[in-house]
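Below is one structure, written out as structure tokens, with a few remarks after it.
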Amino acid sequence: MTTVIKAIGTAAADQPLGVMKIQRRDLRPDDVKMDILYCGICHSDLHQAKNDFGGTTFPVVPGHEIVGKVTSVGSDVNRFKVGDIVAVGCIVDSCRECSPCRHDLEQFCENGTSLSYNTPDPHLGGMTYGGFSQTYVCREQYVLRMPESLDPAAAAPLLCAGITTYSPLKHWKAGAGKVVGILGIGGLGHVAIRIAKAMGAHVVVFTTSPAKVADAKRLGAHDAVLTTDAEQMKAYTSKVDLILDTVSAQHDVNAYLKLLRIDGTLVLVGLPAKPIEIGAFNVVKGRRSFAGSNIGGIAETQEMLDFCAENGIVADIEMVRPDQINEAFERLESGDVKYRFVVDMKGFD
């Protein structure tokens, strides 16, 4: 059985988003149903709507930074109750049997992770639909508890931007005594600055924008480097332990590989649409590494939310109405946002 609800999506890459009707499954015993309060807008939502990666199945309803209020729970649910403020991020299902799933790495499920939208729906068939909608239904195991101390709207982007930056910072051991570079100050980068600093690292921001140098300090960075200034860049040659590359636009990473210490690592978390070229000598010299990371598993995402609550970390947001999503997409594409759009879905009808 299903329920028909309203959502905002698009039927083709060259069409704007608009109101459409989709189906949500009725509650199963292990399901949680929520009214969506807020949904963040991620750069990957824009990529998916425009089919920049070539894998979008239309119609598509974006949105994977979902915060909602529980309205009903299945008979087997024991972690949540009606009225709880909860969250759903990128992952909504996995096989739970393969080695990655057994080790809380559902994002690498060998049998196919189900994402909050644009992946095969194992329950209804067709594709999953995201958080630009009235309601969401998700298995209890993949629902997250939103800490009470966090503003739910400003915390929505943590469901993607937060875990996308927290996971590699933790994995590559950012912390006291480490110099951590953040490349780019955008939706990912501005959250990464706050998380890396809270972990105890010495944070250096690398930006092409003179206007963002001062903003980097406001966000908590210890230093900010204008990458067009050769002297400023030279000062950090072989000085940085870890660089988190948050840039989604096409860019040359080789200049930043040269900033790494021996055994340093540059981790790509942005998603440029085209391949990136790496100069062999830039990794051979100094035994440097070029790596990638995406999101984390469910347990790590909850850990990230709790960490952010303990350290007072949220995103800088601009709230928009559902009927302003197309305008927000246009502004996001041109870089006109500081630093995350969040859609206020309350009252969407």
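Every number here is computed from the coordinates shown, using simple stated rules; none is lab data. All values derive from a computational prediction rather than experimental measurement. Every residue, glycine as well, gets a Cβ built from its backbone with ideal geometry; the counts of neighbours run over all protein chains shown.
Applying the criteria of a DSSP loop state and at most 16 other Cβ atoms within 10 Å to the trypsin sites (Lys or Arg not before Pro) of region 235-330 yields Lys239. In this calculation the C-beta distance from Lys346 to Thr237 is compared with R0 = 51 Å, giving a FRET efficiency of 0.55. Residue ranges 110-123, 177-190 sort as 177-190, 110-123 when ordered by packing (mean number of other C-beta atoms within 10 Å per residue, highest first). Looking at the chain, the DSSP beta bridges with both ends there are about 55 percent antiparallel.
Measure off 7 Å from each Cα along the Cα-to-Cβ vector at Asn294 and Lys21, then give the distance between these two points in nanometres to one decimal. In this crude label model, Asn294 to Lys21 measures out at 3.3 nm. Multiplying the residue separation of Ala13 and Ala255 by 0.36 nm and subtracting their alpha-carbon distance yields 83.7 nm. For the chain, the residue among Gln48, Thr265, Cys101 whose Cα projects farthest onto the positive side of the dipole built from Cβ charges is Thr265.
Could you please report the charge total around Lys178, scoring K, R as +1 and D, E as -1 over all other residues with beta-carbon less than 13 angstrom from its beta-carbon?
Numbers: positive: Lys170, Lys173, Lys197, Lys239, Arg261; negative: Asp241, Asp263.
Once positives and negatives cancel, what remains is +3.
With an a/c value of 1.5 or above and a/b not larger than b/c for the gyration tensor axes a ≥ b ≥ c computed over the alpha-carbon atoms, region 82-187 is described as oblate.
Legend: calculated FRET efficiency, Gln324 to Lys69, from the Cβ-Cβ distance at R0 = 30 Å, rounded to 0.05, equals 0.85. Computed on the chain, with alpha-carbon pairs under 8 angstrom and 6+ residues apart, the relative contact order is 18 percent.
Can you pull out the GluC sites (Glu not before Pro) in region 240-304 that DSSP calls coil and that have at most 10 other Cβ atoms within 10 Å? Those satisfying the criteria are Glu277.
Assuming charge only on the beta carbon of Lys and Arg (+1) and of Asp and Glu (-1), the dipole of the chain about its Cα centre is about 720 debye to the nearest 20.
Scaling against 2.2 N^0.38 Å puts the C-alpha radius of gyration of the chain at 0.98. Close amide-amide hydrogen proximity is noted between Arg261 and Lys239, Val240, Asp241, each under 5 Å apart and 5 or more residues distant or on a separate chain (H modeled in the peptide plane; Pro and chain starts excluded).
Amide H contacts of Ala291: Leu266, Val267, Leu268, each under 5 Å away and 5 or more positions distant or on a separate chain (H built 1.01 Å from N in the peptide plane; Pro and chain starts excluded). Assign one of three labels to region 161-292, namely rounded, prolate or oblate, based on the Cα gyration tensor with a ≥ b ≥ c the square roots of its eigenvalues; rounded applies when a/c is under 1.5, prolate when it is not and a/b is larger than b/c, and oblate otherwise. Verdict is rounded for region 161-292. Relative to the current alpha-carbon distance between Lys6 and Ser334, full extension at 0.36 nm per residue lengthens the span by 115.2 nm.
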